[in-house]
Amino acid sequence: MNKSVHSAASRPTARKWLAAAAGVAMAAAGAFSPAKAQDTIKVGVLHSLSGTMAISETTLKDTILFLIDEQNKKGGVLGKKLEAVVVDPASNWPLFAEKARELIAKDKVSVVFGCWTSVSRKSVLPVFKELNSILFYPVQYEGEESERNVFYTGAAPNQQAIPAVDYLMSKDGGEVKRWVLAGTDYVYPRTTNKILEAYLKAKGVKEEDILVNYTPFGHADWQTIVADIKKFGSAGKKTAVVSTINGDANVPFYKELGNQGIKATDIPVVAFSVGEEELAGLDTKPLVGHLAAWNYFQSIKDAKNAEFIKAWQTYTKNPKRVTNDPMEAHVIGFHMWVKAVEKAGTIDPDKVIDVLPGTEAPNLTGGISKMLPNHHITKPVFIGEIKADGQFDVVWQTKDLVPGAAWSSYLPGSKDLVADWVTLKCGNYNTVTKKCGGSGS
Amino acid sequence: MPGVVINMRGLFDRIRIFLRILLPSAVLFVAAVANAVAGPYEDALPGLTTDSYSDTAAALDQVSGSGSDLAAPLLQALKDQRLQFSAVEKKVLIKTADGKLLDAATGQPFAGTPPADLSNVRLNNRLRNLLDAALGSLTLMAADPNKRYDAAQSVFKSRDAATMPVLEKALAAEQNARVKAALMQAKAAIVVVTADAPAADKVAAIAVLRDRGDQDAMALLQTIPANAPPDVLAAVTEAKANIERNLALWGTVQNLWYGLSLGSVLLLAAIGLAITFGVMGVINMAHGEMVMLGAYTTFVVQEVIRTRYPGLFDYSLTIALPLAFVVAGAVGIAIERSVIRFLYGRPLETLLATWGISLVLQQAVRAAFGPTNKEVGNPSWMSGAFDLGGILITYNRLWIIVFTGIVFAALLGMLRFTRLGLEMRAVTQNRSMAAAVGIRTARIDALTFGLGSGIAGIAGVALSQIDNVSPNLGQGYIIDSFMVVVFGGVGNLWGTLVGALTLGIANKFLEPFAGAVLGKIAVLVFIILFIQKRPRGMFALKGRAIEA
């Protein structure tokens with residue numbers, strides 16, 4: 001065959017094409033040029049801009065850029081402008097650690113805002129400890145952790161999962177007696193469900209009234225599981241689904257619920273990982289009444305929130321751009337960091353870490369959140385029902401802000417542990433053995 | 001007579017005095033009477049203006065029990081989120097479907113300027129349940145049989161003993177057999193949960209539920225306490241056993257159906273790969289991205305239709321099909337001409353190159369459309385479900401099975417009966433011999449690759465209906481597609497068909513016992529063992545070129 005002739009003739013084209021592709025890939029990887037001037041404070045942004053998690057994390061990168069922009073308009077911090085250093089860990093957990101090292105060691109950032117999945121956070125922990133830097137983690141997670149270098153601005157289980165279950169047990173929530181705990185098969189759903197199971201049993205729910213179900217990431221065929229839920233729900237007791245299903249699998253899950261005609265009035269589904277952003281790809285009319293538990297909803301009527309949404313939509317030049325809970329966590333975390341740096345008068349990580357507990361910053365729902373000695377924050381809890389327009393209608397909320405608990409009191413392995421970085425200087429102090437260094441389950 | 005007149009006058013005077021003294025209280029009295037005549041309906045309305053769920057619940061109860069003709073439209077408006085209130089003016093207004101405002105108190109068009117603080121009366125799930133029950137009892141006598149049927153179903157669900165008199169009346173008047181059966185079941189449901197109903201009635205009700213034979217009936221039977229009279233208990237045991245048998249049988253049928261449905265999705269995703277990998281031997285890691293391009297084509301088509309020609313929405317998929325084929329096919333040909341043709345016979349390099357292409361395509365789509373999911377709507381003929389015996393069949397799955405069948409048949413026909421198909425088979429079986437008899441193998445390679453990619457694009461149109469349209473759409477299918485093709489036998493379309501259906505059904509029968517995660521692992525282990533035994537899959541193709 002005369003393939004070689006052809007290929008020789010068109011090799012330059014192929015090379016050009018490859019060069020173009022490489023260019024696209026580099027641009028997409030977000031290789032921002034580092035260090036323009038010396039008199040800036042650098043802020044690291046460690047969110048996936050490609051791969052599976054890009055769907056959720058890209059928005060958070062934009063949020064930090066937006067916040068930095070706003071802060072610079074106000075004159076920056078300590079008289080210096082802030083400068084973002086954006087890297088793309090590409091939804092690849094080991095790459096998170098590499099990129100974190102690059103940010104701290106090479107770019108000399110003074111703080112990092114980043115990570116979404118728990119596995120990515122676990123992957124960067126040793127780096128932050130070794131190089132002694134600060135990470136703000138904005139996503140609701142399974143708890144059972146408190147590190148000196150990490151500040152958790154998302155919800156711990158007692159700020160999301162437990163209140164949601166309480167609501168469903170109440171009269172307004174339908175007095176649910178039977179529970180399906182459905183989740184994606186990884187650490188966050190498994191730990192959360194372990195806590196919930198222990199909690200439900202403590203509340204007198206019997207073993208046979210709890211169905212736990214795990215599915216792989218990106219599970220697309222929900223027919224059997226939805227049919228199983230329907231079957232489990234027709235045992236004569238009010239049933240609800242607590243969903244820790246994460247990421248892309250949610251869309252086919254909700255589509256199947258709609259198609260099989262499971263209405264929120266029959267079997268409500270309360271989700272911990274579905275927000276405005278995830279619903280954007282869905283026809284929400286069949287889902288009206290299904291629930292989500294968060295610490296923030298875009299639809300919450302508050303002057304601060306309205307102002308933020310407006311500024312955000314102007315910044316992104318998209319009047320339909322939605323806001324969500326992890327974004328709010330970044331807003332709170334960012335403002336806390338700014339305050340702490342100004343109070344400490346330096347960006348030295350040790351001093352900022354010492355100053356951060358006790359720092360307060362307004363959240364977007366009308367309250368003032370406070371950083372606690374265990375490096376978690378106080379937040380309100382809201383239960384929202386999905387509306388036909390893809391937004392949430394808040395049907396229940398806590399009266400006060402709930403302080404985040406690093407260690408669950410419902411798990412045997414962690415009920416004696418406390419975290420306190422102010423007086424005890426320990427993330428896992430065992431109150432029984434009076435020793436630092438107890439382990440979680 | 002004059003005396004009478006005088007007397008009358010005196011009487012009038014007396015009445016006048018009487019009235020003068022009592023006037024204030026009389027006015028109050030008259031007002032109270034008027035209110036009482038208007039009924040509790042009007043009294044209930046202020047309860048809807050407080051924006052509190054418990055007040056709304058109380059008002060709802062009052063409205064549905066008021067017997068007012070305005071109750072049903074008000075509840076319907078509440079259900080459709082067309083009921084608005086003003087907390088300042090204590091007014092409740094109904095917004096009609098065409099945007100006009102009616103005063104809920106009178107049912108007349110609302111005159112004057114609407115209050116500034118007008119907002120919807122909010123609902124939660126508890127209220128929605130109450131509302132369904134209330135609307136159910138109010139619409140049992142509606143003219144439309146479908147409405148009556150829905151009403152009977154919601155009474156069946158609410159089992160509210162208070163609706164019994166209305167139910168009896170509706171049952172006596174009902175002519176339609178389907179609605180009548182539903183009403184009987186609703187009545188049975190109420191009888192079963194009423195503690196003091198006579199045992200004979202209960203036994204009859206249990207028989208009705210047994211004949212209904214579904215999970216809802218089973219759920220109702222579970223509520224009968226163990227201390228019921230013995231004949232009732234006997235009937236319950238018999239009915240439960242009956243329903244369980246029924247459910248088990250239908251469960252198997254349902255699993256088969258789910259397996260068939262999953263199999264058809266797998267087949268649809270894999271069939272293009274069966275061409276590029278099976279027939280051409282190219283390990284095309286960018287196959288999933290062709291599926292994704294098809295799905296995004298559907299999204300773009302729907303966007304254009306939504307903004308320009310909303311009336312055409314139900315045809316959006318039909319329009320998207322040929323476009324997706326062309327788009328994905330063209331990209332496929334471009335990839336073949338620019339990259340793959342230099343790499344024939346070097347599987348490792350092909351794998352790496354196509355994997356790189358898949359990343360580039362993903363990131364390009366992410367840059368163009370953003371990283372978030374895109375909403376692709378279901379046309380009306382693809383949404384919803386219907387009952388077939390004891391199983392629920394959803395329209396989108398049904399259509400995908402039908403569609404997969406058509407695509408498979410068309411492809412098979414093309415390969416067998418067209419000149420292009422003949423040439424493709426010739427090139428597959430013996431490339432140099434085909435070239436020797438004058439077939440332009442390079443052109444056939446490009447067209448074959450384009451065909452496989454185009455079919456992947458068509459699959460994307462179908463998958464956009466059940467999966468989410470995001471840049472990662474293709475990744476989820478690439479492993480499964482390779483599995484199907486390898487398992488079925490490389491180079492054989494029938495093998496792909498049997499492979500996809502076998503895997504789909506095996507998966508669905510394993511899932512209820514093993515769970516989704518273990519089920520998937522079990523299937524993978526099975527395939528690994530199978531490939532050890534039969535490296536060429538179920539239906540191995542024999543040919544000289546394949547051996548080489």
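The values are calculated or read from the model by the stated rules, or taken from the named source; none is laboratory data. Everything numeric in this text was worked out from a predicted model, so none of it was measured. No Cβ is skipped: glycine too gets one built from the backbone with ideal geometry, and neighbour counts run over all protein chains shown. When the accessible area is computed, the model is the full protein with side chains, heavy atoms only, and any ligands, DNA or RNA have been set aside. Shrake-Rupley method; radii C 1.70, N 1.55, O 1.52, S 1.80 Å.
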So between A:Thr433 and A:Lys231, what do we pick up on full extension, going 0.36 nm a residue minus the alpha carbon distance? 68.0 nm
If I model a spin label as a point 7 Å beyond the Cα along the Cα-Cβ vector, how far apart are those points for A:Ile368 and A:Lys320 in nm? 4.0
Chain-alone versus full-assembly comparison, the stretch A:241-260, residues with accessible loss of at least 10 Å² (1.4 Å probe): A:Asp248, A:Val251, A:Pro252, A:Lys255, A:Glu256, A:Asn259, A:Gln260
For the stretch A:276-316 and the stretch B:48-96, what is the centre-to-centre distance using only Cα atoms, to the nearest Å? 27
Taking A:Thr215, A:Thr433 and ranking on accessible area (1.4 Å, protein atoms only), highest first, one gets A:Thr433, A:Thr215
The alpha-carbon center of the stretch A:348-397 and that of the stretch A:227-258 are separated, in whole Å, by 29
Between B:Val326 and B:Arg346, how high is the FRET efficiency from 1/(1 + (r/R0)^6) when r is the Cβ-Cβ distance and R₀ = 22 Å? Nearest 0.05. 0.15
Whole-percent carbon and sulfur contribution to the accessible surface of the stretch B:255-533 (1.4 Å, no ligands, DNA or RNA) stands at 72
Net dipole in debye of the stretch B:255-533 [+1 Lys, Arg Cβ; -1 Asp, Glu Cβ; about Cα centre; nearest 20]: 620
With the contact rule set at Cα under 8 Å and sequence spacing of 6 or more, what percent relative contact order holds for the stretch B:255-533? 42
Using a 1.4 angstrom probe with every protein chain in place, what is the largest-first accessible-area order of A:Trp421, B:Trp250? B:Trp250, A:Trp421
Which order do the peptides B:382-392, B:399-409 take when ranked by the mean count of other beta-carbon atoms within 10 Å per residue, highest first? B:399-409, B:382-392
In nm, spacing of pseudo-spin labels at B:Gln175 and B:Gln76 (7 Å Cα→C-beta vector): 2.2
May I ask you to find the residues of the stretch B:107-127 that are shielded by at least 20 Å² of accessible area once the whole protein assembly is considered instead of their isolated chain (probe 1.4 Å)? B:Arg122, B:Asn124, B:Asn125, B:Arg126
Those Cys residues of the protein assembly as shown for which no other cysteine Cβ falls under 4.7 Å: A:Cys115
Would you please put A:236-247, B:317-328 in order of how densely packed they are, using the mean number of other Cβ atoms within 10 angstrom per residue and starting with the highest? A:236-247, B:317-328
Percent antiparallel among DSSP beta bridges confined to the protein assembly as shown, rounded to 5, stands at 50
Considering every residue in A:159-172, what mean count of other chain Cβ atoms within 10 Å of its Cβ is obtained? 1
The stretch B:11-212: relative contact order as a whole-number percent, Cα under 8 Å and 6+ apart: 13
Mean other chain Cβ within 10 Å across B:464-477 is 5
Buried accessible area between B and A (1.4 Å probe, both chains summed, ligands and nucleic acids excluded), in Å² to the nearest 100? 4800
Given Cβ charges of +1 for Lys and Arg and -1 for Asp and Glu, the option among A:Val226, A:Val288, A:Ala311 whose Cα lies farthest towards the positive end of the dipole of the stretch A:222-326 is A:Val288
Rounded to the nearest 20 debye, what is the charge dipole size of the protein assembly as shown about its Cα centre when +1 sits on each Lys and Arg Cβ and -1 on each Asp and Glu Cβ? 2040
Ranked packing of B:454-467, B:92-105, A:47-60, most packed first, by mean Cβ within 10 Å: B:454-467, A:47-60, B:92-105
Of every Cα-Cα pair in the stretch B:408-548, the percentage lying beyond 23 Å is 46
With N set to the number of residues, divide the alpha-carbon radius of gyration of chain B by 2.2 N^0.38 Å and report two decimals. 1.43
Considering only chain A, what is the antiparallel percent among its DSSP beta bridges, to the nearest 5? 40
Calculated FRET value between A:Asp400 and B:Thr307, using beta carbons and R₀ = 30 Å, to 0.05: 0.05
Please work out how much accessible surface A:Ser273 shows to a 1.4 Å probe, ignoring ligands, DNA and RNA, in Å² rounded to 10. 10
Check: C-alpha center the stretch B:216-240 vs C-alpha center the stretch A:118-139, spacing in Å is 58
Using DSSP H assignments, which helices in chain A have an axial alpha-carbon span of 24 Å or above and a mean Kyte-Doolittle hydropathy of -1.0 or higher? A:3-28, A:54-73, A:325-344
Give me the extension gain from B:Gln532 to B:Val88: residue separation times 0.36 nm, minus the current Cα-Cα distance, reported in nm with one decimal. 152.1 nm
Going 7 Å from the Cα of B:Thr237 toward and past its Cβ, which residues in the stretch B:192-210 have a backbone nitrogen under 20 Å from where you end up? B:199-210
If you split all Cα-Cα distances of the protein assembly as shown into 10 Å bins from zero, what percentages do you get per bin, shortest first? 2, 10, 17, 20, 19, 15, 9, 5, 2, 1, 1, 0, 0, 0
Relative contact order (percent, whole number), chain A, Cα cutoff 8 Å, 6+ residue spacing: 15
Please give every one of the aspartates and glutamates within straight-line cross-link reach of B:Lys508, meaning a C-alpha to C-alpha distance under 13 Å, and leave out same-chain neighbours fewer than 8 residues apart. A:Asp221, A:Asp228
Expressed as a whole number, the average count of other chain Cβ atoms within 10 Å around the Cβ atoms of B:515-525 is 3
Table column - 3J(HN,Hα) (Hz), the stretch A:377-388, Karplus curve with 6.51, -1.76, 1.60, x for Gly and Pro: 10, 8, 9, x, 10, 10, 10, x, 9, 5, 9, 5
In Å², and per residue, what accessible area does the protein assembly as shown have when probed at 1.4 Å with the other protein chains present? 43
Excluding ligands and nucleic acids, what accessible area in Å² is computed for B:Ile333 using a 1.4 Å probe, to the nearest 10? 60
Any chance you could get the radius of gyration and Dmax over the Cα atoms of the stretch B:11-212, in Å? 21.5, 75
Taking a temperature of 4 °C and a viscosity of 1.567 mPa s, what whole-number D in µm²/s does Stokes-Einstein yield for chain A with Rh from Kirkwood over alpha carbon pairs? 56
Taking H placed 1.01 Å from N in the peptide plane, check which residues at least 5 places from A:Leu46 or on another chain put their amide H under 5 Å from its amide H. A:Phe113, A:Gly114, A:Cys115
Computing the accessible area with a 1.4 Å probe over protein heavy atoms, can you report the carbon and sulfur percentage for the stretch B:11-212? 60
Between B:Arg443 and A:Asp350, the two model label points (7 Å from Cα along the beta-carbon direction) sit apart by a distance in nm of 7.7
